[in-house]
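Reading through the structure tokens given below for one structure.
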Amino acid sequence: MLVNNVSAQSLKNYYSNKVIVLMYHHIDAVESGATISPARFGTHMKLLHERGYNVISMDQFYDFMLNDGEVPNNAVVITFDDGYDSYRTYGVKIMDKYNMVGTHFIIGQSSDLNNVKTAHLTWDAMRDLKEKGHSFYNHTYNLHDYAALDKNGSKTGPLLTNRIYLKEAGRVETEKEYVTRITDDLSKMEQRLKDELDNEHGIIAFPFGAYNATAKQVLKKLGVDLFITIKPGINKAGTDEVYRLNAGTPKMTANKFVELLKKYHD
């Protein structure tokens, strides 16, 4: 039965005053790890559309989380990490079919130098996409990596959240050196986003989902006030830490995608 050419299913209210945030990384014909095919991503977007989920922008989500803004029933935010150009070549074209927009968290150095094996978005491409409603935020300038935490390198950890081993000095960096290092990187990325895209909000997706109180404190001083994790869950207003559901895996079939979303229905 159709009601005004809209399926009855699309009128269902699965949840209210909550938002599901989906996480993707890379789109390519050859699937692996965190890379999914255009067909798989297209299926996910088609299911969102047909089943009555309402994809909202990051701006609307930001206002909901921090400023008492409103969101529609069944609200969903689409996010990508790392800054791959496949977002533009595949993702945006698929989202356009359903009048959807997404947000991409950019590794600044990869877009500045454009010297990585897999093409990353250029600032010109981001500016063009921003005019169409897409948004781009902080995934650090160059902290998306692991580093040695001891002399022999047997222990490693994310650059953002650890005092790393300084080989030249023959010691682990001090707390002050750690804070200075991450402040320099994060402030540089925030400035690049303002210079290139005129970003008004400060939002970060933590590399590898790793964060600590020190990193958050540094970021807050830089004007970043929404923190995107990789912890699974659905989001309610009034907190600065955001849950995400990892949909960007080759294992995420159509049925599994539907079941993933259903876990968070009221």
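Each row is one residue, and each column tells you yes or no for (1) in contact (Cβ under 8 Å) with a residue 60 or more places away in the chain; (2) surrounded by fewer than 17 Cβ atoms within 10 Å (Cβ to Cβ); (3) β-branched (V, I, T).
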| position | (1), (2), (3) |
| --- | --- |
| V218 | no, no, yes |
| V224 | yes, no, yes |
| T229 | no, no, yes |
| I234 | yes, no, yes |
| R244 | yes, no, no |
| M252 | yes, no, no |
| K263 | no, yes, no |
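Would you say F208 is in contact with a Pro (Cβ under 6 Å, 6 or more places away or on another chain) and either in a loop (DSSP other than H, G, I, E, B) or of a type in the set (A, V, I, L, M, F, W, C) (or both)? Yes: the conditions hold for F208. What pairs can you find where one residue is in region 101-120 and without any contact (Cβ under 8 Å) to a residue 40 or more places away in the chain and part of a helix (DSSP H, G or I), the other is buried (at least 21 other Cβ atoms within 10 Å of the Cβ) and of a type in the set (A, V, I, L, M, F, W, C), and their Cβ atoms are less than 6 Å apart, with a gap of 6+ or different chains? Note: pairs meeting the criteria are S111/L121.
In summary, strands (runs of 3 or more DSSP E) completely within region 128-199 and bearing 2 or more residues that are of a type in the set (G, A, S) and touching a strand residue (DSSP E or B) at 6+ places or on another chain (Cβ under 8 Å) occur at 146-148. Among the residues of region 96-111, which ones are out of contact with any strand residue (DSSP E or B) (no Cβ under 9 Å at 6 or more places or on another chain) and within 16 Å of L193 (Cβ to Cβ)? Result: Q109, single match.
Need the failing condition index for E70 against (1) surrounded by fewer than 16 Cβ atoms within 10 Å (Cβ to Cβ); (2) touching a strand residue (DSSP E or B) at 6+ places or on another chain (Cβ under 8 Å); (3) free of Cβ contacts under 8 Å to residues at least 60 places away in the same chain, just the number. If we test E70 against (1) surrounded by fewer than 16 Cβ atoms within 10 Å (Cβ to Cβ); (2) touching a strand residue (DSSP E or B) at 6+ places or on another chain (Cβ under 8 Å); (3) free of Cβ contacts under 8 Å to residues at least 60 places away in the same chain, just (2) comes out false.
Let me confirm something: among Y90, Y141, which residue is over 17 Å from L197 (Cα atoms) and in contact (Cβ under 8 Å) with a residue 40 or more places away in the chain? Before you say what the answer is, go through the steps one by one.
On the way: Y141 fails: over 17 Å from L197 (Cα atoms).
One residue alone meets the criteria, Y90.
Here, each number is a calculation from the coordinates, and none is a lab measurement. Because the structure is predicted, anything quoted here is derived from the model rather than measured. Glycine gets a Cβ as well: all are built from the backbone with ideal geometry, and neighbour counts include every protein chain shown.
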